[in-house]
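Here the structure is laid out as structure tokens; the discussion comes afterwards.
The values are calculated or read from the model by the stated rules, or taken from the named source; none is laboratory data. The structure presented is a predicted model; accordingly, all values stated were derived computationally and were not measured. Ideal geometry is used to build each Cβ from the backbone, glycine not excepted, and the neighbour counts take in all protein chains shown. Accessible surface areas use protein heavy atoms only, side chains included; no ligands, DNA or RNA. Shrake-Rupley method; radii C 1.70, N 1.55, O 1.52, S 1.80 Å.
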Amino acid sequence: MPATTGSRTRPAGPTGLRNLTHHTLFWPVVALVALLVANTIFSPDFLSVSILDGHLFGAPIDILRNSAPLLLVSLGMTLVIATRGIDLSVGAVVAIAGALSLSFIATAPDPGAVSTVIIAIAIALGLCLVLGIWNGFLVSVVGIQPIIATLILMTAGRGVAMLITEGQITTVTSAPFKTLGAGFWLGLPAAALIAYGVYLIVALITRRSALGMLVEAVGINPSASRLAGVRARTIVWTVFALSGLFSGLAGLILASNVMAADANNAGLFIELDAILAVVIGGTSLQGGKFSLSGTLVGVLIITTLTLTVTIVGISPLVTPLFKALVVIAVTLLQSPRVRDKLAARARQRAARPEEVAA
Amino acid sequence: MTSSPSADRPVVEMSGISIEFPGVKALDQVDFRLFPGEVHALMGENGAGKSTLIKALTGVYGIDAGRIVVDGAEHRFSGPGEAQDAGIATVYQEVNLCENLTVAENIMLGHEPRRLGAIDWRAARRAAAEHLATMGLDIDPASSLGSHSIAIQQLVAISRAMVVDAKVLILDEPTSSLDADEVAQLFAVVRRLRDQGVAVLFVSHFIEQVYEISDRMTVLRNGQRVGEYRTDELDRLELVSTMIGRSMDVLEDLQVSTEHTVDAEQGATPYLSAVGLGRKGDVRPFDLDVYAGEVVGLAGLLGSGRTEVARLLSGADRADSGTTRIKDVPTRLRNPRAAISQGIAFSSEDRKSEGVVGDLTVRENIVLGLQAGRGWMRRLPRRQVDEIVEKYMAALNVRPANPDALLRNLSGGNQQKVLLARWLATAPELLILDEPTRGIDVGAKAEIQKLVAELASQGMAVVFISAELEEVLRLSHRIGVMRDRRKVAEIVNSEDVGVDDVVELIASGGEH
């Protein structure tokens, strides 16, 4: 995968197996595989993919499509967190993107026209970029703590979305716009193609250019980076702008899924899922080293989890609890301290027979 | 503290200690012992394993092999708390206390006497006062810690360590920010504790201080123990060659004469010329010229404004008065980036918070400055990166010679070398070094001094700041003297100028 951050700082064992289990992504991947296995047990044809009307269908395809909005939001969130920031406003931006695009289409003379849809998308993405730039301005120029700076838009943003929809849940019919969330290109869900395409581009850019290293340098030691001549302010500003833009794109996909602009519920709590995905993926909330492949695994775990709840037949009422348990397990297994404890215990167990013999 | 065992039995015995980090073998089968009632110096260059050994003894690092016996019982520490319970107290280089609490609160933190479940503050203050008294210190326990000097804070940290009746007291570079009187005060306390039977482990780069205070020393080199010696049986020259593992050539080389004529006398234009440059609250307006091929030293006490001058010259802080001309062109150095693009490199005195990017590798740290200048889109080609990294790691003798090691796993001296490499890689025309040799050992220090002299003879302009006047005198062509945030004098260095002359200038403020 192009976005692997490389070796971590844990003392690596001499054997390949130990290296594997010490890799930051080992436990998240195990969790993902375990979820898939559990689903296959409950529903044996879970992993099967069939072709219907030239499109691919099946649970794996659903996971790809459902994960698209969260992947986009988490992508921006990863970069923001890597610079020691956090973006709480992504959910509100999702709502604004949906509200603006759908309201524009609803009032346009020809909602079904491709040109209308393109303009709607452009306007929505443009506004979301501006909102991201606003967040970045507050953090990098004004110097407000990221959690507070983005809290402003998190609260105010839903109000803005309400203003745009005038408090109504606008329902719209527009075939081209619907393609975004529910359509298929080349047999694959359009939403997944968009999200994974953006993901790949960002992953390539961060690791093929020097952007990834500079983002990490700013996250690890901002003042040292500034003295080394890194445009720390511009980098922080850029990642917030990107986070806004990607959230806007996620908002368009979500709006196109339901074709209704719901200012209150669109993207509700998606910021928390995104932060979770980033953390599960092994990027520290203290900033610095980030792993986009880790974030991808985190997103897939969260999406699969939601699907599992339906398939296994757990009541939607306890979904949050179920999610929380999985997240606790994964994060605990990843924590250096727990790992050290486990390793120490394993070592003691291995050492004990020797001591008896001696 | 009187229950010390017989002096023949060591209170700490470490044997065969090995610790390995990714890419670094920090300790290799090291033996170490510490007797009650002695001051034992742990000596070695940067990266020799001193800090690692201390961290093994204090439970910060787990050991991969070996035994640690404290007071006759074998221990396997899995955290600093366990080491403390075993009677090992540590005072680190940077004082780890809460400045906003009172002296008494700091001393008793975690050991507050309780009455009916609540903290008995009066008893706490009394106990703290007693602890201070046993160490011969006259400090008001109710005063806030932040109102005292670093030296006093250091002593408070020691009193705090002794609250738990420690058998072993570890002092890691306790004197690095103290002046001579404060060192004397600290040593008085250390001697007192030693006479009470406490085993003191002392780590310092100041060789004179080691000879003044220690009874015995253990020398480490490259993660291995070279030997254990009685201080009075090993002279300074032997000690240094034991530490660096080679004869004294390096140090003798240092007497490279920096006496060569500079453009200054030929009426050329200076590389950088500051006129009336100043910043309110930091440093009064000053004039300074720096010519190519010249080392300008800045001498002055801590807080005299020498660092502030460097920060203005490098754009780290923005001047609010005066002008800077670079090669006779008026230039505003608005930020470090602007200065770097003018060929000015600045190595801050605060290595940890303004230099080291710990979680990045040595390679990434070296190319950071160069890459930042190119912007994120034009990534340095891998082959060029490897060339640069290889060149500077070899030139500066960075150890371990592993560009993939994380910078935070390197010792202080090697981190400093990597930072120098970062700046040299940007091919600067003016190199501003603020305390580049602080807290690093003789070997690395000699290497850095030599490098500075060489760079200047190749035509680089250098501003060199150091608290050690000998060092400033050895390297500089001209010396600016700072006092009370003002530049009070400027002298041309020659063989006739000695440390005493500079000290006198600082003392008199240049008014004689």
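Per the conditions (1) open to solvent by 10 Å² or more (accessible area, probe 1.4 Å); (2) at pLDDT 95 or above, the sole criterion not satisfied by B:Arg399 is (2). For region B:57-80, filtering for residues that are farther than 21 Å from B:Pro174 by Cα and away from every other protein chain (no Cβ under 14 Å) leaves 7. Of all residues in region A:286-311, those that are under 19 Å from A:Glu216 (Cα atoms), more than 14 Å from chain B (Cβ to nearest Cβ) and surrounded by fewer than 24 Cβ atoms within 10 Å (Cβ to Cβ) total 1. Every condition in (1) open to solvent by less than 30 Å² (accessible area, probe 1.4 Å); (2) closer than 30 Å to A:Gly288 by Cα is met by A:Ile61 except one, and the failing one is (2).
Looking across A:Gly91, A:Gly85, A:Gly54, one residue alone is farther than 26 Å from A:Leu163 by Cβ and either touching a Leu at 6+ places or on another chain (Cβ under 6 Å) or crowded, with 24+ Cβ neighbours inside 10 Å (or both). It is A:Gly85.
I'd like to check something: does region A:135-157 contain any residue that is among the small types (Gly, Ala, Ser), within 14 Å of chain B (Cβ to nearest Cβ) and farther than 24 Å from A:Leu292 by Cα? No: zero hits. Any chance you could count how many residues in region B:394-421 are within 14 Å of chain A (Cβ to nearest Cβ) and under 19 Å from the mean Cα position of the chain (by Cα)? Of the residues in that region, 10 qualify. Would you confirm whether any residue within region B:292-299 is more than 14 Å from chain A (Cβ to nearest Cβ), touching a residue at least 24 places away in the same chain (Cβ under 8 Å), in a loop (DSSP other than H, G, I, E, B) and surrounded by fewer than 22 Cβ atoms within 10 Å (Cβ to Cβ)? Yes, the conditions are met somewhere in region B:292-299. When A:Pro189 is evaluated against the numbered criteria (1) open to solvent by 40 Å² or more (accessible area, probe 1.4 Å); (2) away from chain B (no Cβ under 14 Å); (3) out of contact with any Pro (no Cβ under 8 Å at 6 or more places or on another chain), which criterion, by number, is the only one it fails? Result: A:Pro189 passes all but (1). Looking across region A:213-233, the residues that are buried (at least 23 other Cβ atoms within 10 Å of the Cβ) and either assigned to a loop (DSSP other than H, G, I, E, B) or in contact (Cβ under 8 Å) with a residue 12 or more places away in the chain (or both) come down to A:Leu214, A:Val215, A:Glu216, A:Ala217, A:Val218, A:Gly219, A:Ile220, A:Asn221, A:Ala228, A:Gly229, A:Val230, A:Ala232. Per the conditions (1) buried (at least 21 other Cβ atoms within 10 Å of the Cβ); (2) among the hydrophobic types (A, V, I, L, M, F, W, C); (3) within 18 Å of the chain's Cα centre (by Cα), the sole criterion not satisfied by A:Leu272 is (1).
When the residues of region B:339-357 are filtered to those that are more than 9 Å from every other protein chain (Cβ to nearest Cβ) and over 25 Å from the mean Cα position of the chain (by Cα), the one that is least open to solvent (accessible area, probe 1.4 Å) is B:Gly343.
Matching residues to (1) among the aliphatic types (A, V, I, L, M); (2) modelled with pLDDT under 90; (3) out of contact with any helix residue (DSSP H, G or I) (no Cβ under 8 Å at 6 or more places or on another chain):
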residue: A:Arg231; (1), (2), (3): no, no, no
residue: A:Trp237; (1), (2), (3): no, no, no
residue: A:Leu249; (1), (2), (3): yes, no, no
residue: A:Ala260; (1), (2), (3): yes, yes, no
residue: A:Ala263; (1), (2), (3): yes, yes, no
residue: A:Asp273; (1), (2), (3): no, no, no
residue: A:Gly282; (1), (2), (3): no, yes, no
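Picking from residues in region A:234-249 that are surrounded by 24 or more Cβ atoms within 10 Å (Cβ to Cβ) and among the aromatic types (Phe, Trp, Tyr), the one that is farthest from the other protein chains (Cβ to nearest Cβ) is A:Phe246. Of the residues making up region A:199-211, those that are open to solvent by 30 Å² or more (accessible area, probe 1.4 Å) and more than 13 Å from every other protein chain (Cβ to nearest Cβ) are A:Leu200, A:Ile201.
Against the test of being touching a residue at least 40 places away in the same chain (Cβ under 8 Å) and closer than 20 Å to A:Leu56 by Cα, the options A:Ser247, A:Ser256 yield a single qualifying residue, A:Ser256. Which of the residues that make up region B:366-393 are within 8 Å of another protein chain (Cβ to nearest Cβ), touching a Leu at 6+ places or on another chain (Cβ under 8 Å) and not in a loop (DSSP other than H, G, I, E, B)? The answer is B:Leu368, B:Gln371, B:Ala372, B:Arg374.
Have a look at B:Ala118, B:Ala124, B:Ala89, B:Ala65 and point out the one that is within 30 Å of A:Val338 (Cα to Cα) and over 29 Å from the mean Cα position of the chain (by Cα). None of the others qualify; the one that does is B:Ala65. Scanning region B:196-230 for residues that are open to solvent by 40 Å² or more (accessible area, probe 1.4 Å) and assigned to a loop (DSSP other than H, G, I, E, B) yields B:Gln196, B:His205, B:Phe206, B:Asp215, B:Asn222.
Scanning region B:16-40 for residues that are among the charged types (D, E, K, R) and either open to solvent by 20 Å² or more (accessible area, probe 1.4 Å) or more than 15 Å from B:Ala166 (Cβ to Cβ) (or both) returns B:Glu20, B:Lys25, B:Asp28, B:Asp31, B:Arg33.
Here A:Gly281 passes the criteria (1) open to solvent by less than 30 Å² (accessible area, probe 1.4 Å); (2) within 14 Å of chain B (Cβ to nearest Cβ); (3) at negative phi except the one numbered (2).
Scan B:Leu360, B:Leu370, B:Leu313 and give me the residue that is of a type in the set (A, V, I, L, M, F, W, C) and open to solvent by 10 Å² or more (accessible area, probe 1.4 Å). It is B:Leu370. Could you tell me whether region B:319-327 includes any residue that is within 14 Å of chain A (Cβ to nearest Cβ) and either buried (at least 22 other Cβ atoms within 10 Å of the Cβ) or under 27 Å from the mean Cα position of the chain (by Cα) (or both)? No.
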